[in-house]
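Worksheet for the structure shown next.
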């Protein structure tokens, strides 16, 4: 049976649903972020739709408005979509007015990972898929691109077109779950030679994706649109905030190194983030049982940071 595992890292908490030794679903919760499902105290900043509430320094859009609440008044809101990376206004977090008292979002029931269980199940490969947007499979590959409108998945390969359409649909559906992709998703399959292959591709998506979701039929050009609930950023979207993403990935790798003082060697932008986060360095020092120093190396790729014995 699939089982959720959790790895409580520095700057993020990592979850993986593992079945047969492989990750079939994953998510990353950033430290300090307000989770979807949380109910928080806020103040109504704008009553006209879309209404806007403010909690701390964060503005939340309330698409349903806040009936009976006047501008400037206090109210409780339930977060329905977390902050998504990017500057477009529609990416602001979403919420709805609530009569319930403030509370944290329900916790995901997961077992604490001990050691590197997530790594053994393929976490590093998953992170590489998120940063590169490329997912290899026997006979082809997926190219995953997060755009302001939707996440696009292009399927390409060298198999017979009908076979590639069906296999590509399966791999795309698996990647959607594995990379935690929600919202509007467009999958561009090869143009199948037969209607039967298009129908098989659609059924394959239905068999792999979990409800709730909706989809169109696979059209004659091989395109199918899928819509899933979107409550947080996908791993692909998190990877677009490249420096922060690579900084947290480096901290995870360093935390798995043998005990003792460490020097983190990384691209200058990554080092700059770490220099501003003494709390992260203190946490890493506790994890490895030794002092942490930093060294910038501009010749390294952004993802090429490593820990060496100090």
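Would you check if residue 231 is within 17 Å of residue 28 (Cβ to Cβ) and in contact with a helix residue (DSSP H, G or I) (Cβ under 6 Å, 6 or more places away or on another chain)? So that I can check it myself, show each step before the final result.
On the way: within 17 Å of residue 28 (Cβ to Cβ): yes; in contact with a helix residue (DSSP H, G or I) (Cβ under 6 Å, 6 or more places away or on another chain): no.
Considered against the rule, which asks whether it is within 17 Å of residue 28 (Cβ to Cβ) and in contact with a helix residue (DSSP H, G or I) (Cβ under 6 Å, 6 or more places away or on another chain), residue 231 comes out as no.
Look at the range 206-221 and say how many of its residues are out of contact with any strand residue (DSSP E or B) (no Cβ under 6 Å at 6 or more places or on another chain) and either buried (at least 21 other Cβ atoms within 10 Å of the Cβ) or within 17 Å of residue 187 (Cβ to Cβ) (or both). The total comes to 9. So for the range 123-131 (the condition being modelled with pLDDT under 95, touching a strand residue (DSSP E or B) at 6+ places or on another chain (Cβ under 8 Å) and farther than 29 Å from residue 78 by Cα), does at least one residue qualify? So far as the range 123-131 goes, no, none of its residues is modelled with pLDDT under 95, touching a strand residue (DSSP E or B) at 6+ places or on another chain (Cβ under 8 Å) and farther than 29 Å from residue 78 by Cα.
Looking only at residues of the range 30-47 that are surrounded by fewer than 16 Cβ atoms within 10 Å (Cβ to Cβ) and outside any strand (DSSP E or B), we find that the one that is modelled with the lowest pLDDT is 32.
Quick check on the range 195-215. Is at least one of its residues outside the structural domain of residue 26 (by TED's automatic domain parsing), touching a residue at least 24 places away in the same chain (Cβ under 8 Å), closer than 26 Å to residue 27 by Cβ and within 15 Å of the chain's Cα centre (by Cα)? No, the range 195-215 contains no residue that is outside the structural domain of residue 26 (by TED's automatic domain parsing), touching a residue at least 24 places away in the same chain (Cβ under 8 Å), closer than 26 Å to residue 27 by Cβ and within 15 Å of the chain's Cα centre (by Cα).
Please go through the range 83-104 and give me each residue that is assigned to a loop (DSSP other than H, G, I, E, B), within 16 Å of residue 56 (Cβ to Cβ) and at pLDDT 95 or above, ordered by number. Within the range 83-104, 102, 104 qualify.
I'm told residue 64 meets every condition in (1) closer than 22 Å to residue 27 by Cβ; (2) in contact with a strand residue (DSSP E or B) (Cβ under 6 Å, 6 or more places away or on another chain); (3) part of a loop (DSSP other than H, G, I, E, B) except one. Can you identify the failing condition by its number? Tallying (1) closer than 22 Å to residue 27 by Cβ; (2) in contact with a strand residue (DSSP E or B) (Cβ under 6 Å, 6 or more places away or on another chain); (3) part of a loop (DSSP other than H, G, I, E, B), residue 64 fails exactly one: (1).
The condition of being in contact (Cβ under 8 Å) with a residue 60 or more places away in the chain and surrounded by fewer than 16 Cβ atoms within 10 Å (Cβ to Cβ) does not hold for residue 71. Sort out which residues of the range 91-134 are in contact (Cβ under 8 Å) with a residue 40 or more places away in the chain, exposed (fewer than 15 other Cβ atoms within 10 Å of the Cβ) and within 25 Å of residue 183 (Cα to Cα), and write them in order of number. Across the range 91-134, the qualifying residues are 104, 106, 108, 109.
Just need a number here: residues in the range 10-29 that are buried (at least 19 other Cβ atoms within 10 Å of the Cβ) and either under 14 Å from residue 126 (Cβ atoms) or in the same structural domain as residue 181 (by TED's automatic domain parsing) (or both). Going through the range 10-29 one residue at a time, the tally reaches 10. Taking the condition of being farther than 21 Å from residue 143 by Cα and in a helix (DSSP H, G or I), how many residues in the range 207-232 meet it? Looking only at that region, the number is 1. Of the listed requirements (1) within 16 Å of the chain's Cα centre (by Cα); (2) in the same structural domain as residue 134 (by TED's automatic domain parsing); (3) within 26 Å of residue 123 (Cβ to Cβ), residue 246 misses just one: (2).
Can you tell me how many residues in the range 233-276 are modelled with pLDDT under 95 and part of a strand (DSSP E or B)? Adding up the residues that qualify gives 0. Scan the range 290-308 and tell me whether some residue there is buried (at least 21 other Cβ atoms within 10 Å of the Cβ), in contact with a helix residue (DSSP H, G or I) (Cβ under 7 Å, 6 or more places away or on another chain) and assigned to a loop (DSSP other than H, G, I, E, B). Yes, the range 290-308 contains at least one residue that is buried (at least 21 other Cβ atoms within 10 Å of the Cβ), in contact with a helix residue (DSSP H, G or I) (Cβ under 7 Å, 6 or more places away or on another chain) and assigned to a loop (DSSP other than H, G, I, E, B).
The values are calculated or read from the model by the stated rules, or taken from the named source; none is laboratory data. None of these values were measured; they are calculated from a predicted model. Positions of Cβ are generated from backbone atoms using ideal geometry, with glycine treated the same way; all protein chains shown enter the neighbour counts.
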